[in-house]
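Enquirer: Starting off with a structure, shown below.
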Amino acid sequence: MTIYKRKILLLTTILFVLLSFISIKNITVALDFPFCKSNNTHNIGIRSSSFNDSNYKVLWRLINPSPNYGDISFVDINNDNNLDVLVGISDLGLFALNGLNGSIFWSKNFTCESCWFPTVWCYGANLFDLDKDNELEIILSVGLNGTVYAFEKDSTNIWSYSPPGDNIGNALLGDTNNDLKQEVLVSYSSSKKDKQINPGGIVSLSPENGTELWKYEDYRIISGTIAVTDLNDDGCDDIIVRTYLDSLLAVDGKTHTLLWEHSFVKKDSKDNTLKTPLIADVDENGKLEIFVGSNNDFFYAIDAESGRKIWEYMTGGNIGSRSSLGDLNCDGVLDIIFTSEDGKLYVLDGLKGRLIWSFKFGKSLNIPDCDCFYITFSTPLIGDLNNDNRLDVLIGGCESYYALNGKTGETLWKISNPSSEERLDSVDIVDTGAIVDLDNDGENEVILLWSGLGIYAYDFSQGLTGKRIYWGTARGNSLQRGSSLAVDQDNDCLSDYSEHLYGTNVAEKDTDNDSLPDGYEISCLNTSPTCIDSDNNGVNDGNEDFDDDGVSNAKEYNKRTNPFSKDTDFDGFNDNIDLFIYTNDFIFYAPTFGIVFLVTFLYFIRKLARVKKLKRKK
């Protein structure tokens, strides 16, 4: 082989490989498509144009003059097989309410004469069977009087504990030594200026009597809601906690030592104060991710094992709310939902941090020229709000709470401030509400907290709301852990609560073994998660091909293509062609590649011929 032939072969091979790589990269992006198109067999659900005051009624209300914030949990207090309501109101205390009529069973009021802030900051209640008597007890943190309390359901005191410092965070439960016994975990800090000589840390308490089991001390730690999960696969829960130096610490629950620290780079000299972290396994690789927003306008995804940043997303303002999780676009992958002080609610793809949709709140109706940045105190809640078996968003903004279509962000319906004429000086919404089935009718009710007006429970017309709930309270559910694993232990995008309603297995991602996750079958395909062949046609649901593109439903799920569109990425090629090219690196991606290759080859052949011709002339 002459030197010219070798050059031609080498250059052609390089070009071939480069173009193949570029093509494969392009198709990878194209197939990472962040939505699933509508299945026409779904219920249509209510639309905002047909929603009015006749579609809902106030089930009950508790008039409360507090202008501050609250968190909600649920437990059956009076053993009538209906859920009752526990509301931790920041500047008053804990209220236990009858879920059916709103009457007060009991209340716990707290005071703090030495508090530096005009509220005691009562967190939401956590529920756990402390003494193994098959009855749930209540764990409660009161932040600024620095005390953790344990109560019976009837409000009888069990124990209390005050760690060092004068501030504590929300108490959570975790098993840090793998003895199958839960401990009470809480962060604490000091409000004093000279923090290096004042206490800060994490303490573990016995749930039976509140005695101290172990303590991790670091003066940088600030009180607030921690996150608890097993970060390093040793079978023991670990703790994620924030510092006043704007970093996240991961503390090994077994050894009580630091696993890692992630410091956030300041953006444009803005405050880096972090919000409450979330935990989830969005890429289903068995490794957890941490999601956290910051006052520097950015939202972050962090690898939970190493503390490495995965992605970041910039908004136009401080990340103000606690964030939520849910598969809104029915692609079988959890999305991240949060608000920003730029007046928007954001829905991001949990895998890549790319925007799926956003919702812009309007101007205040009561205060001229006032943007609704106050919505940053309202945590997005995730459940079916229009009876189409899919997840939607409930969010408070200005004088209204909005139900937003989870797939598109369009307004499904809204409920306005019940007494807006009495509130001409303010537009803010308190921290959160809740989505819950209070009367066991199989349809969701909502509880809304109106600033300065009280707590309202709303019942809807039959068939208006569905029964699915994924993120029903500010921290997911009454476990308050802020983790998808506490809401959805098998990670199938169907909450444990909804699994009981649909009759699926809470510990099995694919109850009927058809290669399709339970949540994906309900949200996207409208097939039965408990029947391997929903239409009894002799074909496994996973092997069905609803769009006749040569790609099975199960493969469409695994590759994140649209099971109701032959050409997910609108590139002129059916998904089966795209996927074949995607998995075969040395196949031409498109005719243009062949044309480029042919032109290049002919160019070098012509050049070789010219060289030979010149040699003959010589």
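Residue-wise test of (1) part of a strand (DSSP E or B); (2) free of Cβ contacts under 8 Å to residues at least 12 places away in the same chain; (3) closer than 23 Å to Val347 by Cβ.
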residue: Gly224; (1), (2), (3): no, no, no
residue: Asn232; (1), (2), (3): no, no, no
residue: Thr255; (1), (2), (3): no, yes, no
residue: Ile302; (1), (2), (3): yes, no, yes
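Enquirer: Determine which member of the set Ala486, Ala457 is of a type in the set (A, V, I, L, M, F, W, C), touching a residue at least 60 places away in the same chain (Cβ under 8 Å) and out of contact with any helix residue (DSSP H, G or I) (no Cβ under 8 Å at 6 or more places or on another chain).
Expert: One residue alone meets the criteria, Ala457.
Enquirer: In addition: Mind listing just one residue for me: the one in segment 247-265 that is charged (D, E, K, R) and surrounded by fewer than 19 Cβ atoms within 10 Å (Cβ to Cβ) and, of those, farthest from Gly174 (Cα to Cα)?
Expert: Here is the first cut: in segment 247-265, the ones charged (D, E, K, R) are 252, 254, 261.
The next check asks that each one be surrounded by fewer than 19 Cβ atoms within 10 Å (Cβ to Cβ); those that pass are 254, 261.
Details: Lys254: 11, Glu261: 21 Å.
So, considering only residues that are charged (D, E, K, R) and surrounded by fewer than 19 Cβ atoms within 10 Å (Cβ to Cβ), the one farthest from Gly174 (Cα to Cα) is Glu261.
Enquirer: Can you name every residue in segment 106-127 that is assigned to a strand (DSSP E or B), crowded, with 19+ Cβ neighbours inside 10 Å and modelled with pLDDT of 80 or more?
Expert: Start the filter on segment 106-127 by keeping residues that are assigned to a strand (DSSP E or B), which leaves 106-109, 122, 126-127.
From what is left, the residues that are crowded, with 19+ Cβ neighbours inside 10 Å are 108, 122, 126-127.
If the condition is that a residue be assigned to a strand (DSSP E or B), crowded, with 19+ Cβ neighbours inside 10 Å and modelled with pLDDT of 80 or more, then Lys108, Asn126, Leu127 are the ones that fit.
For (1) assigned by TED's automatic domain parsing to the domain that holds Ser483; (2) under 29 Å from Ser321 (Cα atoms); (3) touching a Lys or Arg at 6+ places or on another chain (Cβ under 6 Å); (4) modelled with pLDDT of 90 or more, each residue gets a yes or a no:
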position	(1), (2), (3), (4)
Val186	no, yes, no, yes
Ser190	no, yes, no, no
Pro207	no, no, no, yes
Ile221	no, yes, no, yes
Thr225	no, yes, no, no
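Enquirer: Got a sec? Which of Asp459, Asp533, Asp512, Asp490 is crowded, with 19+ Cβ neighbours inside 10 Å, in a loop (DSSP other than H, G, I, E, B) and more than 24 Å from the chain's Cα centre (by Cα)?
Expert: Asp512
Enquirer: Is one or more of the residues making up segment 289-296 of a type in the set (Gly, Ala, Ser) and more than 16 Å from Phe338 (Cβ to Cβ)?
Expert: No, segment 289-296 has no match at all.
So that you can scan it fast, the table gives a plain yes or no per residue for (1) surrounded by fewer than 21 Cβ atoms within 10 Å (Cβ to Cβ); (2) under 20 Å from Thr243 (Cβ atoms); (3) not charged (D, E, K, R):
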| residue | (1), (2), (3) |
| --- | --- |
| Asn272 | yes, yes, yes |
| Ala280 | no, no, yes |
| Lys287 | yes, no, no |
| Phe299 | no, yes, yes |
| Glu305 | yes, yes, no |
| Gly316 | yes, no, yes |
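Enquirer: Another one. Assess whether Gly538 counts as being without any contact (Cβ under 8 Å) to a residue 12 or more places away in the chain and surrounded by fewer than 20 Cβ atoms within 10 Å (Cβ to Cβ).
Expert: Numbers: without any contact (Cβ under 8 Å) to a residue 12 or more places away in the chain: yes; surrounded by fewer than 20 Cβ atoms within 10 Å (Cβ to Cβ): yes.
Answer is yes for this residue.
Enquirer: Looking at (1) at pLDDT 95 or above; (2) not in a strand (DSSP E or B), can you tell me which one Lys266 breaks?
Expert: Of everything listed in (1) at pLDDT 95 or above; (2) not in a strand (DSSP E or B), Lys266 misses just condition (1).
Enquirer: What single numbered condition from (1) farther than 27 Å from Gly396 by Cα; (2) in contact (Cβ under 8 Å) with a residue 40 or more places away in the chain; (3) in the same structural domain as Tyr401 (by TED's automatic domain parsing); (4) over 14 Å from the mean Cα position of the chain (by Cα) fails to hold for Gly286?
Expert: (2)
Enquirer: While we're here: May I ask you to say which residue of Asn170, Asn157, Asn134, Asn145 is buried (at least 23 other Cβ atoms within 10 Å of the Cβ) and either under 20 Å from Asn81 (Cα atoms) or of a type outside the set (Asp, Glu) (or both)?
Expert: Answer to the check: Asn170.
Enquirer: Moving on to the next point. If you scan segment 470-489, which residues turn out to be in contact with a strand residue (DSSP E or B) (Cβ under 6 Å, 6 or more places away or on another chain) and within 16 Å of Leu448 (Cα to Cα)?
Expert: Passing the criteria: Trp471, Gly472, Thr473, Ala474.
The values are calculated or read from the model by the stated rules, or taken from the named source; none is laboratory data. Keep in mind that what you see is a predicted model, and the values were worked out from it rather than measured. Ideal geometry is used to build each Cβ from the backbone, glycine not excepted, and the neighbour counts take in all protein chains shown.
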